[in-house]
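Engineer: Shown below is the structure under consideration.
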Amino acid sequence: MKRSFLRELAALLYPSRCPVCGEVIGANDSFCPECSGKLVPYNDDFSVAGSSGFTAAYEYRPEISASIIIMKRGIVGNAPFAFGGALAERIREAGFEADIIVPVPMFRNDLQKRGVNQSELIAKELSLRLGIPVCRNAVRKVRSTTQQKGLSRQERLVNLKGAFAVNAPELIAGKSVIVADDVCTTGSTLAEMTDILLKAGAKKVYCACCCKTPRKDSNNSPASAK
């Protein structure tokens, strides 16, 4: 059965809601028309050290930040469908050709508390849209880290150094990889992921996030996330 039909059936019991404002929307819609008009597509030129490309769907602004934070807390609703769908389109536009998608992992204790890894939810949606398999166990987070929010760029780099490890190098070697995450601020998380994947033998690493924080001189910049 087509996925769109399955979503329509599910919506009979659990109506789809706009992840930004919570209004009921069509089963296969991502956002309500009003919120969709407020979202700012990401069009800046950001790069992640070592990666072969970076893209994001939207700028991380007040209009969108609450929906991302709610998803981080395990209340996902329509958010992965909406954000993952938008990000998949940007990946197509960017021309990223990859063999696997690797979500940024969470430390096991944090995952147990939250119940879901929002980056993995996004990766699964990308997989459905792009036909690229997800390797959820290829990389693990080996230690807990301090929250990135409020840290300087250098502090973020130190905080994440050695936080990730490749579980299965045989799944990475010779492959082009898309690293998927929800929000990018300075790119320190993505840079660390890129570094360990390349050292494990990845052919190329691309980075893709639902949202990227705007430059500091942009108006209405929300508090940073990662």
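The values are calculated or read from the model by the stated rules, or taken from the named source; none is laboratory data. None of these values were measured; they are calculated from a predicted model. Neighbour counts are summed over all protein chains in view; Cβ atoms, including those assigned to glycine, are modelled from backbone coordinates with ideal geometry.
Engineer: If I go through region 60-70 residue by residue, how many of them are over 18 Å from Pro15 (Cβ atoms) and surrounded by fewer than 23 Cβ atoms within 10 Å (Cβ to Cβ)? Give the steps one after another, and end with the answer.
Structural biologist: Pass one, region 60-70, residues over 18 Å from Pro15 (Cβ atoms): 60-66, 68-69.
So of that shortlist, the ones also surrounded by fewer than 23 Cβ atoms within 10 Å (Cβ to Cβ) come out as 61-63, 65-66, 68-69.
Number of matching residues: 7.
Engineer: Taking Arg156 and the conditions (1) modelled with pLDDT of 90 or more; (2) surrounded by 24 or more Cβ atoms within 10 Å (Cβ to Cβ), which numbered condition does it fall short on, given that it satisfies the others?
Structural biologist: (1)
Engineer: Give the residues of region 1-45 that are more than 22 Å from Thr55 (Cα to Cα) and touching a Leu at 6+ places or on another chain (Cβ under 9 Å), sorted by residue number.
Structural biologist: The first filter runs over region 1-45 and keeps only residues more than 22 Å from Thr55 (Cα to Cα), leaving 1-18, 21-29, 32-34.
Result: Met1, Arg3, Ala27.
Engineer: Just name the residue that is surrounded by the most Cβ atoms within 10 Å (Cβ to Cβ) out of those in region 71-105 that are more than 14 Å from the chain's Cα centre (by Cα) and of a type in the set (A, V, I, L, M, F, W, C).
Structural biologist: Going through the qualifying residues, I end up with Ala98.
Engineer: Checking the condition within 30 Å of Asp195 (Cβ to Cβ) and aliphatic (A, V, I, L, M), which residue from Val48, Val20 passes? If you could, list the steps in order and put the result at the bottom.
Structural biologist: On the way: Val20 fails: within 30 Å of Asp195 (Cβ to Cβ).
Going through Val48, Val20 in turn, just one is within 30 Å of Asp195 (Cβ to Cβ) and aliphatic (A, V, I, L, M): Val48.
Engineer: Quick one: would you say Arg108 is surrounded by fewer than 17 Cβ atoms within 10 Å (Cβ to Cβ) and assigned by TED's automatic domain parsing to the domain that holds Leu197? Spell out how you get there, then give the answer.
Structural biologist: Numbers: surrounded by fewer than 17 Cβ atoms within 10 Å (Cβ to Cβ): yes; assigned by TED's automatic domain parsing to the domain that holds Leu197: yes.
It is true that Arg108 is surrounded by fewer than 17 Cβ atoms within 10 Å (Cβ to Cβ) and assigned by TED's automatic domain parsing to the domain that holds Leu197.
Engineer: Against the conditions (1) closer than 22 Å to Asn137 by Cβ; (2) touching a residue at least 12 places away in the same chain (Cβ under 8 Å), where does Leu111 fall short? Just the number, please.
Structural biologist: For Leu111, the failing item is (2).
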